[in-house]
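J.: For reference, the structure I am asking about is given below.
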Amino acid sequence: MNVTDIELLIWFAATALSVGYIAYDLFTRTPEMKVMKWGWVLVALYTGPLAFLVYWFSCREPSLGTHEKFVAPLWKQSVGSTIHCLAGDATGIIVAASVTSLLGFPMGIDSIIEYVSGFTFGLLIFQALFSRDLFGGSYAHAVRVTWLPEWLSMNAVMAGMIPTMAILMSRSSKAMEPTSPRFWAVMSFASLVGATLAYPINWWLVKNGLKHGMGTERALGRGGSKVQLQAVTMTMPGGISMEATPDRNSGPADMPHREAEMMRIQGQRVSSRRLSSVAVLTAAMLLIGVALATKYGKFSMERPSQSPMSMGQ
């Protein structure tokens, strides 16, 4: 992979602009759920202008009061689920990769620590902690409900990130150093590959009611919005819909519990056999990713030596 310093500079500049726009739009204009606001910002840091393009077509509010309708299609719901997953998993993976690289661990050990870190951070922070309002405010219950969808999605993310990191880092010692821009370029590209593989898994999870997708703070979360709706209609993938009309005893703050109940009903329709099949699929994806990393990367090396094919040469 021959990438020049100028090309990296252009990418990082475009990333900064993308993060700035997305953050400004989300926190001043688009009524996305609060956890998703931060999720989009993190993913934009990792995936740059591509995150901006996806955000533009899937999440921004085109005009006042249209966010619920704009994000309703299943493919956009699935984008939201993927962003939520990637924000947590990739953050855990990248933090772990930074630490293990500084400690000089072999890439094979790196990958194990990164997997555990990514899954732990994604499940305990971005899924259970930040989404506990969907499950009655109970953190323990949120962990029990979300661990399986998170694991399935995490397998797909890591199936893309492991071989990408191992192959590119094996070709450049600089790419293994967190102080080098090339390290962050590899993390960015690995996150893009991981998101691409995770999207179809998240599409299936959202379609079958095992994960929530793109939302709005007016209906799904207590995001600090002062907007009070007279009526909110939520439609779950698969055709389940429910209209909620807030009165003196209920309001937008009660919506998370209703949406969680719809997810539970929809999720009960998924047989153990189908769940097992998807679990085997994601495990196979992960094993293939490890096999590619082993074949084309150098798992045993702590700091691969420079070669004529190194990045930037």
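J.: So, in region 1-51, exactly how many residues are under 20 Å from residue 86 (Cα atoms) and among the basic types (Lys, Arg)?
T.: Here the count works out to 2.
J.: I've got another one for you. Please specify each residue of region 26-40 satisfying the condition of being closer than 9 Å to residue 60 by Cα and part of a helix (DSSP H, G or I).
T.: Within region 26-40, 26 is the sole residue that qualifies.
J.: Quick test for you: out of 41, 35, pick the one residue that is surrounded by 15 or more Cβ atoms within 10 Å (Cβ to Cβ) and in contact (Cβ under 8 Å) with a residue 24 or more places away in the chain.
T.: 35
J.: I'm trying to understand the selection: among the residues of region 146-173, which are closer than 19 Å to residue 276 by Cα and either touching a strand residue (DSSP E or B) at 6+ places or on another chain (Cβ under 9 Å) or surrounded by fewer than 22 Cβ atoms within 10 Å (Cβ to Cβ) (or both)?
T.: Matches in region 146-173: 147, 148, 151.
J.: Within region 75-90, can one find any residue that is open to solvent by 50 Å² or more (accessible area, probe 1.4 Å) and more than 26 Å from residue 8 (Cα to Cα)?
T.: Yes: region 75-90 contains one or more residues that are open to solvent by 50 Å² or more (accessible area, probe 1.4 Å) and more than 26 Å from residue 8 (Cα to Cα).
J.: Filter region 63-82 down to the residues that are without any contact (Cβ under 8 Å) to a residue 60 or more places away in the chain and out of contact with any Pro (no Cβ under 8 Å at 6 or more places or on another chain), then identify the one that is nearest to residue 157 (Cα to Cα).
T.: 73
J.: Next up: Against the definition (among the aliphatic types (A, V, I, L, M), more than 25 Å from residue 162 (Cβ to Cβ) and touching a Phe, Trp or Tyr at 6+ places or on another chain (Cβ under 7 Å)), how does residue 142 come out, yes or no?
T.: yes
J.: Here is a list of conditions, (1) in contact with a Gly (Cβ under 9 Å, 6 or more places away or on another chain); (2) free of Cβ contacts under 8 Å to residues at least 40 places away in the same chain; (3) buried (at least 22 other Cβ atoms within 10 Å of the Cβ), and residue 26 meets all of them except one; can you say which number that is?
T.: Single failed check for residue 26: (1).
J.: Search region 246-292 for residues being modelled with pLDDT of 90 or more and basic (Lys, Arg), and hand back the single one that is most open to solvent (accessible area, probe 1.4 Å).
T.: Once the filter is applied, the top-ranked residue is 273.
J.: I would also like to ask the following. Could you grab me the full set of residues in region 91-143 that are touching a residue at least 60 places away in the same chain (Cβ under 8 Å), farther than 27 Å from residue 210 by Cβ and open to solvent by less than 50 Å² (accessible area, probe 1.4 Å)?
T.: Residues satisfying the conditions are 97, 98, 101, 104, 106, 107, 108.
The values are calculated or read from the model by the stated rules, or taken from the named source; none is laboratory data. Everything numeric here is computed off the predicted structure, so don't read it as measured data. Because the Cβ atoms are built from the backbone with ideal geometry, glycine has one as well, and the counts that use them run over all protein chains shown. Just the protein is used for accessible areas: all its heavy atoms, side chains included, with ligands, DNA and RNA removed. Shrake-Rupley method; radii C 1.70, N 1.55, O 1.52, S 1.80 Å.
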